[in-house]
Amino acid sequence: MQAAQLQYDFFNEENAPKWRGLLVPSLEKVLNQVHPKLVSQQEALQYIEELILLLLSMLCQAQPRTVQDVEDRVQKNFPHPIDKWAIADAQAAIEKRKRRNPLALPVEKIHPLLKEILGYKIDHQVSLYMVAVLEYISADILKLAGNYVKNIRHCEISQQDITVAMCADKVLMDMFHQDEDVINGFPLIDEEPLVNEEQSYYELVRSFMSDGQIYLRQLNLLILVFREQFTSRPMLFSHHDVDSIFSRIADIHEVTVKLLGLIEDSVEMTDEDSPHPLVGSCFEDLAEELAFDPYETYAQDILHSDFHEHFLSQVSKPSSAVHLQSICEGFKEAVQYVLPRLLLTPVYHCLHMFETLKQLEEKSQEEEDKECLKQAITALLNLQSSMERICSRSLAKRRLSESACRFYSHQMKGKHLAIKKMNEIQKNIDGWEGKDIGQCCNEFIMEGTLTRVGAKHERHIFLFDGLMICCKLNHGPPRLPGASSTAEYRLKEKFFMRKVQINDKDDKEGEYRHAFEIILKDGNSVVFAAKSAEEKNSWMAALISLQYHSTLERMLDSALLREEKEEQMKLPVAEVYRFAEPDSEENVVFEDNVQSKSGIPIIKAGTVLKLIERLTFHMYADPNFVRTFLTTYRSFCKPQELLDLLMERFEIPEPRPSELDQLEGGEQPLSPEVKRFRKEFVQPVQLRVLNVCRHWVEHHFYDFERDPQLLRTLEEFISSIRGKTMRKWVESITKIIQRKKQVQVNVPSHSITFQNSPPPTEWHICKPGNIEQFDLMTLHPIEIARQLTLLESDFFRAVQPSELVGSVWTKEDKELHSPNLLRMIRHTTNLTLWFEKCIVETANLEERVAVVSRIIEILQLFQELNNFNGVLEVVSAMNSSPVYRLDHTFEVKSN
């Protein structure tokens, strides 16, 4: 797709200023819609802007005058299935009911510019339709790039991320690079090679969480995309048929969501002083509930010897085949070949979980956590032995990264290993020409031997995500100068995966046995045959995964979005729950175009209620805001008011029952709406209220030391909380309170370890024990400076951050809010006055000069000891009115 075919050039010197940057702010809004927690570099958004302008150029080439003209152009030029989804979005945008939710892209700015491109004025509806198509594609690109960035555990999208993600997506590659074999400047891997080191506890937890999110997406794919097509046709597939194929996949999904939620809560509530998050109790609680038992039933069903035969009998029925083919192109093949491999994913994940538990137990540095992990492992021993017995009996030895499963995992841990593997394969192929494999592929999928129908010899096939390379064994000398004489294979042909179609050849035809067909764009085709049905299934699973991965991913995104819209969570109304008031300019202000690295909006100002709501927000945790708020809140809110608001925030009223529930009366089972409300709103909010309380007592306990009633109220509140999920957090807060109570009030810690022993005490005229004679001139100046520095160090370390916020030491209740700072200020003032007194009370000039000299010696020692407060005390004394006027003293001193 090239803009050059159109006379209007978006990128020449005259037109570029009109378009450059026009879409970037809107693309940020689109990103916020599809990935609220991610941010993007400006270069990445500018790159997407260029792609969108190329797309606009293509739409304008048809000289559209009506909405139908644009729709025809989309159907003709957009690859399937993105064409129908883009059209559906655009149709929704021009419907009157959708105008309340305007598009993110600037229709009003683009509409007048289209007249300049087309040479004639078009209807606003046509412009709206075109912009809606562009917005759908931009959202699709950002969704894809965001998923890739999350998989590699980054939080910012770069241009390289977009390029790599698009390279792995057949639909977008067909749209933007139809005639290219490779994207120019395809990025080479620039990250540091991964050293094969053992992971720490924290790294294991983060890795398990990341893998868990990918695994959860696979489960959603199984349930919302595949199983849904079976359950929606009860006339074709009975309830028993569906259960026999998918077994207890829903129960496994439920326990996975629960486990990931518990681990995320533990990570969020981890104390800053703790060496790592404590997740042992998460596994122990679920293991004691036997929550992981569905895995055993699932493995027995999926790995049963009759499973595959029964599965094929269900999907091969003529009526079933027609239904599956009607869903979308390639879906029948995906069900037949990809689904059986994808169904193995929970089995592999369960075995992976057992290994992770052992590693966590070995790495844990907390005895209590180690004991929890040990108990979890013990509780799961029966399940583990059952799973291993089932797998050893029924499952061919495959690794977790086996082709079809790996394709859906998108594990990016071994990128350097993948590049190394590609280079090794390329060096082992005689006759290789053109771009390197690593420039058009991201990963190696599989290799094996196939028979090419019509050829004399077998072909050794290397399959990558972007290429299929066919070779034969090399028995002759190298054909190209400089080629390795030890090359094991000789290149016969190669196919770009996005330029071919995979066609299954029915074994019943007789001519072909275990065969499939590669159809090229020019109409030619190549038929390959495997040695057995199992081999063919492996090849077809990998090939169909590559062919229709984009389609399945988009079907999943669409299903997740539809599910979210259908299950809108009903929140309490503001009349009964003050924290449910919608955001507005009157109650909260956010920083413009500024987000934290985690994608969380930064609050600039807000009412106290809104600040408490965001402090304990149900959608995300913001630890930076918690720290900032607890340091600064005293300037606008009293501690007792804060505690009252937190307790009010904790008590969340449930949505009112529906009229039907009220009519039926009696004890009704919890509706899905109430379950979701408790899980996605009540539990996160209550957890974050406890998290704020924990941070408060851990880092700002002085608020409770100054007000015993405040502490009693908090303890009563904590002790009143019930519920298993909250138990360990209540215990954590209680332990912190008990520990803080044992520490002497306002006494700084002296448990400081020095590298060397303290120096011996220096004495001058006055000797030890003769306290009555201690004075400025009788004590050694070194010892005066040392002792004052130690004293002022204690004063300084006792000052809390909150005492420095908002000049509270100058306001009402300053003794309550800044006691340590005021103590330090008074000490500084008194010491300055004492220096002045020592100078002006001397009897004659000589004594006065001696006293000033001694004080200056102390100043120099203060400076050596880095006691800048002491330096300020001496300087203040010297600059005071009674001392500053002593001209004769300073004249003698200077001479």
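Some notes on this structure:
- Pairs where the first residue, in the stretch 821-832, is within 13 Å of ASP794 (Cα to Cα) and the second is crowded, with 16+ Cβ neighbours inside 10 Å and β-branched (Val, Ile, Thr), C-beta under 9 Å, 6+ apart: LEU821/VAL799; LEU821/VAL808; ARG823/VAL799; MET824/VAL799
- Where helices (runs of 4 or more DSSP H) fall entirely within the stretch 681-737, those with at least 2 residues that are modelled with pLDDT of 90 or more, in contact with an Asp or Glu (Cβ under 9 Å, 6 or more places away or on another chain) and not assigned by TED's automatic domain parsing to the domain that holds LEU821 are at 683-699, 708-720.
- Here the condition is being touching a residue at least 40 places away in the same chain (Cβ under 8 Å), of a type in the set (D, E, K, R), buried (at least 19 other Cβ atoms within 10 Å of the Cβ) and in the same structural domain as LYS18 (by TED's automatic domain parsing); of ASP123, ASP140, it holds for ASP140 alone.
- Checked against (1) surrounded by fewer than 20 Cβ atoms within 10 Å (Cβ to Cβ); (2) over 28 Å from ASP301 (Cα atoms), CYS372 passes all but condition (1).
- Matching entry among LYS37, LYS29 (being closer than 30 Å to ARG153 by Cα, among the charged types (D, E, K, R) and at pLDDT 85 or above): LYS29
- Filter result for ALA250 (surrounded by fewer than 19 Cβ atoms within 10 Å (Cβ to Cβ), closer than 28 Å to ALA334 by Cβ, in the same structural domain as HIS310 (by TED's automatic domain parsing) and modelled with pLDDT of 90 or more): yes
- Members of the stretch 285-303 found to be under 15 Å from MET726 (Cα atoms) and either crowded, with 19+ Cβ neighbours inside 10 Å or out of contact with any Leu (no Cβ under 9 Å at 6 or more places or on another chain) (or both), listed by number: ASP285
- Residue match in the stretch 161-182 (condition: assigned to a loop (DSSP other than H, G, I, E, B), modelled with pLDDT of 75 or more and aromatic (Phe, Trp, Tyr)): no
- Listed here are the helices (runs of 4 or more DSSP H) enclosed by the stretch 810-895 that have at least 3 residues being more than 30 Å from GLN640 (Cβ to Cβ): 819-840, 845-864, 868-878, 881-884, 887-894.
- Screening ALA90, ALA86, ALA62 for residues that are free of Cβ contacts under 8 Å to residues at least 24 places away in the same chain and of a type outside the set (Ser, Thr, Tyr) leaves exactly one candidate, ALA62.
- Within the stretch 798-816, residues that are within 16 Å of CYS637 (Cα to Cα) and not assigned by TED's automatic domain parsing to the domain that holds ARG634 sit with their Cβ atoms under 8 Å from residues that are modelled with pLDDT under 75 and of a type in the set (Val, Ile, Thr), at 6+ positions apart or across chains, in these pairs: SER802/VAL808; LYS814/VAL808.
- Residue count, the stretch 208-242 (criterion: free of Cβ contacts under 8 Å to residues at least 24 places away in the same chain and either in a helix (DSSP H, G or I) or touching a His at 6+ places or on another chain (Cβ under 7 Å) (or both)): 6
- Any hit, the stretch 773-781, residues being part of a helix (DSSP H, G or I), modelled with pLDDT under 90 and surrounded by fewer than 18 Cβ atoms within 10 Å (Cβ to Cβ): yes
- Residues within the stretch 9-31 that are crowded, with 16+ Cβ neighbours inside 10 Å and in contact (Cβ under 8 Å) with a residue 60 or more places away in the chain, tallied: 8
- Residues (over 27 Å from ASP174 (Cβ atoms) and of a type in the set (A, V, I, L, M, F, W, C)) located in the stretch 493-542: ALA529, ALA530, ALA533
- Against the criterion of being surrounded by 15 or more Cβ atoms within 10 Å (Cβ to Cβ), of a type outside the set (Phe, Trp, Tyr) and over 29 Å from the mean Cα position of the chain (by Cα), PRO346 does not qualify.
- Screening the stretch 1-94 for helices (runs of 4 or more DSSP H) wholly inside it with 2 or more residues that are in the same structural domain as ILE110 (by TED's automatic domain parsing) and among the polar types (S, T, N, Q) returns the ranges 24-34, 42-60, 67-77.
- Residue match in the stretch 320-338 (condition: under 18 Å from MET387 (Cβ atoms) and either at pLDDT 90 or above or touching a Phe, Trp or Tyr at 6+ places or on another chain (Cβ under 8 Å) (or both)): no
The values are calculated or read from the model by the stated rules, or taken from the named source; none is laboratory data. Given the structure is predicted, the values throughout are model-derived calculations rather than measurements. Positions of Cβ are backbone-derived with ideal geometry, glycine not excepted, and every protein chain shown enters the neighbour counts.
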